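Let me begin by presenting the structure, written as structure tokens, before commenting on it.
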Amino acid sequence: MQSLSFQLNEPWFTHLSADLQDLAKTSILLYDYILEHQGKLPDYSFVVFSMSKAYEGFLKSYLFKKGLIDKKTYEGHRFRIGRALNPDLRNFYRDEQWLYDDLATTCGQDTAREIWEVWLKCRNRVFHFFPGENKMLTLEQAGEHLNLMINIFNKVMPCLQEK
């Protein structure tokens with residue numbers, strides 16, 4: 001396992017707003033600190049939490065900048081990424097806030113699916129508790145989750161810059 005602090009100088013990081021940078025930095029510095037000090041905890045999900053919030057903020061910002069959501073939705077408390085970007089949402093639940101198809105149009109089907117898969121793995125399955133399922137993360141898995149989000153930030157940046 002290697003340190004991730006070098007990522008704080010990469011374009012994906014400098015593209016984030018200051019508040020999202022703080023969240024991403026928290027996860028990366030926490031990961032590096034634990035890595036350096038040989039932490040021995042049963043679960044490192046907490047290392048991923050701040051980066052997951054930054055990922056959510058990044059996705060909302062992306063949707064806003066692309067004109068897929070308006071300012072009221074972007075700043076509101078009701079919009080849910082997990083519902084809006086779920087490609088498997090039943091047709092009955094798809095409404096004006098279901099944006100997966102729009103995301104696929106703006107950034108490609110494969111990237112849209114990857115954005116969703118990273119959301120599931122690095123946000124939903126980390127944050128939620130399901131009886132009978134051990135979802136504790138090792139430090140190595142936490143690092144893998146951070147890298148998945150960093151990789152998708154990098155992958156989506158060109159889509160954001162296209163007009």
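Structural remarks
- Listed peptides 39-47, 2-10 by packing density, highest first (mean Cβ within 10 Å): 39-47, 2-10
- Computing P(r) over Cα pairs in 5 Å bins from 0, in percent directly from the structure and comparing it against (1) 1, 9, 18, 20, 20, 15, 10, 5, 2, 0, 0; (2) 1, 7, 12, 12, 10, 9, 9, 9, 8, 6, 5, 4, 3, 2, 1, 1, 0; (3) 1, 9, 20, 24, 23, 14, 7, 1, 0 singles out (1).
- Integer Hz, Karplus 6.51/-1.76/1.60 couplings in order for the range 56-72, x for Gly and Pro: 4, x, 4, 5, 4, 4, 4, 4, 5, 5, 7, x, 7, 10, 8, 4, 4
- Mean projected area (nm²) of the alpha-carbon convex hull when the range 1-50 is viewed from all directions: 3.5 nm²
- Spatial separation of Cα centroids for the range 1-53 and the range 85-121, in angstrom: 26 Å
- Full-stretch length increase - Asn134, Met1 - with 0.36 nm per residue and alpha-carbon distance subtracted: 45.6 nm
- Computed helical MRE - 222 nm, the chain, DSSP H runs ≥ 4 contributing -39500 (n - 2.57), nearest 500: -18500 deg cm²/dmol
- From phi via Karplus (6.51, -1.76, 1.60), per-residue ³J(HN,Hα) for the range 85-102 in Hz, x at Gly/Pro: 10, 7, x, 9, 5, 4, 3, 4, 8, 6, 9, 5, 9, 7, 10, 4, 4, 5
Readers should treat all values here as calculations from the given coordinates under stated rules, not as data from a laboratory. The shown structure was predicted, so the numbers you read here are calculated from the model rather than taken from an experiment. Neighbour counts are summed over all protein chains in view; Cβ atoms, including those assigned to glycine, are modelled from backbone coordinates with ideal geometry.
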